[in-house]
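J.: Once you've had a glance at the structure underneath, I'll fire off some questions.
Values in this text are rule-based calculations from the coordinates and carry no lab data. Since this is a predicted model, take the numbers as computed values, not measurements. Cβ coordinates were reconstructed from backbone atoms using ideal geometry, including for glycine residues, and neighbour counts include every protein chain displayed.
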Ligand SMILES: [Zn+2]
């Protein structure tokens, strides 16, 4: 009778600690339904829906499409977010594939896919900034419930996705104007233990180049970045960069798929998957080189290239072709990304250089 009662409670999602195998021993935990917004997924199912961000202050509001892949037994809750920047297509297309590639019946734990975090930017085809309010979504976390549209998107993601996850990966690529060599950001700030587990996530994701980021805010109320919103809340997190220039690149998509498969294995959410990278290259120093003037940028090097201190990586002209600025590397390093389209605005990035530890 007890076994039957426990089984019934488990099926109903009411028994938190596990079922009993009929001989009194514990077996894998059958889990409760998992809810995001108004959508619930039963154990062993995949369900999709949208988070609605209501209209406010004259804007039209927006929605955030997501999928819950809810395993039959309990385990970590891994949130994978794509499209924080709307012209970063590689992760968006990778998550389209993952929705059907991850089998909820063999998954331990839960995967939340956020397919397009920044719908105004995606549909408006804008780099960096939302066409709705001119803000960079990945600079306004944890967001505000009564704020501009980007701030409300951030608040919705914080409340409905980040707070429900145990681990978070914010999947970026070079923006629509950036030619990029793949790498991850490992954030070393945050509560004890979180940095170590975030490092393990970076290794498991498998991109060899790992930028060590020691300067993220530690204030939960001013976390600024999506992944840092998770870290300041005690959840290991990672930001990844694969692909760029608004190209739907199969090779870069494969890096995302391989990376997520490695993390699912690392978190023991699946038994199979690729091993962690055995040859990590930690980038201990990096610099984003910003345009000193507005004009037309001519890159002189390609992504991934090694550059020497003082060497030219490009130049900026005015709109009549006169050279206004030579762009040079401040130290010996590698080009992690470089702007690959002509427009540059004073103060915006033209390249990022990283140096190995
Ligand atoms: Zn981005």
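J.: So what's the angle, to the nearest 10 degrees on a 0 to 90 scale, between helix 2-11 and the longest Cα principal axis of the chain?
T.: Computed tilt is about 30 degrees.
J.: Starting with the highest mean, order 316-322, 139-145 by the number of other Cβ atoms within 10 Å, averaged over the residues of each peptide. Please report the intermediate quantities before stating the final value.
T.: Numbers: 316-322: 11.6, 139-145: 18.7.
Ranked by mean Cβ neighbours within 10 Å, highest first: 139-145, 316-322.
J.: Using only the Cα atoms of the stretch 107-239, what do you get for the radius of gyration and for Dmax, in Å?
T.: Rg then Dmax for the stretch 107-239, in Å: 14.6, 40.
J.: Sticking with this one: If you take the Cα atoms of the stretch 43-165, find Rg, then find the Kirkwood Rh from the mean of 1/r over all pairs, what is Rg/Rh?
T.: On the way: Rg = 14.7 Å, Rh = 14.7 Å.
Across the stretch 43-165, the Cα-based Rg/Rh ratio is 1.00.
J.: Shifting gears a bit: Would you mind checking the tilt of helix 194-205 against the longest principal axis of the Cα atoms of the chain, expressed as 0 to 90 degrees and rounded to 10?
T.: It works out to around 80 degrees.
J.: How many Å³ per residue does the convex hull of the Cα positions in the stretch 73-116 occupy? Before the final figure, lay out the partial values.
T.: Numbers: hull volume 2.3 nm³, N = 44.
In the stretch 73-116, the Cα convex hull volume per residue is 52 Å³.
J.: Within the chain, what percent of beta bridges assigned by DSSP are antiparallel, to the nearest 5? Don't skip to the end; give the middle numbers.
T.: Numbers: 50 of 73 bridges.
Antiparallel bridges: around 70 percent, rounded to the nearest 5.
J.: In whole angstrom, note down how far apart the Cα centers of the stretch 232-298 and the stretch 328-357 are.
T.: Distance between centres, Cα-based: 17 Å.
J.: Here's another thing I want to ask about it. If you consider only alpha-carbon coordinates, what radius of gyration and Dmax does the stretch 217-357 have, in Å?
T.: Just the Cα atoms of the stretch 217-357 yield Rg and Dmax of 18.5, 60 Å.
J.: Hey, can you rank 206-215, 299-308, 106-115, 167-176 by average C-beta count inside 10 Å, highest first?
T.: 167-176, 106-115, 206-215, 299-308
J.: Tell me, 178, 348 in order of fewest to most beta-carbon neighbours within 10 Å? Provide the component values of the computation, followed by the final result.
T.: On the way: 178 29, 348 16.
The fewest-first ordering by Cβ neighbours comes to 348, 178.
J.: A follow-up question, please. At q = 0.18 Å⁻¹, what log₁₀ I(q)/I(0) does a Debye calculation on the Cα points of the stretch 299-357 give, no solvent, two decimals?
T.: Calculated log10 I(q)/I(0) at the listed q: -0.60.
J.: Mean separation of Cα pairs under 8 Å and 6+ residues apart, divided by the residue count of the chain: what relative contact order is that in percent? Can you show the working numbers first?
T.: On the way: 941 pairs, mean separation 47.4, N = 357.
Relative contact order, the chain: 13 percent.
J.: Measure out, as a whole number of angstrom, how far apart the alpha-carbon centroids of the stretch 135-214 and the stretch 100-116 sit.
T.: Here the answer is 19 Å between Cα centres.
J.: Taking 2.2 N^0.38 Å as the expected size of a compact globular protein, what ratio does the Cα radius of gyration of the stretch 170-297 give against it, to two decimals? The partial results should precede the final answer.
T.: Values: Rg = 15.4 Å, N = 128, 2.2 N^0.38 = 13.9 Å.
Scaled against compact globular proteins, the figure is 1.11.
J.: Moving to a separate point now. Throw me the Rg/Rh for the stretch 32-266, computed over C-alpha atoms with Kirkwood Rh, two decimals. Don't skip to the end; give the middle numbers.
T.: On the way: Rg = 16.2 Å, Rh = 17.4 Å.
Taking Rg over the Kirkwood Rh, I get 0.93.
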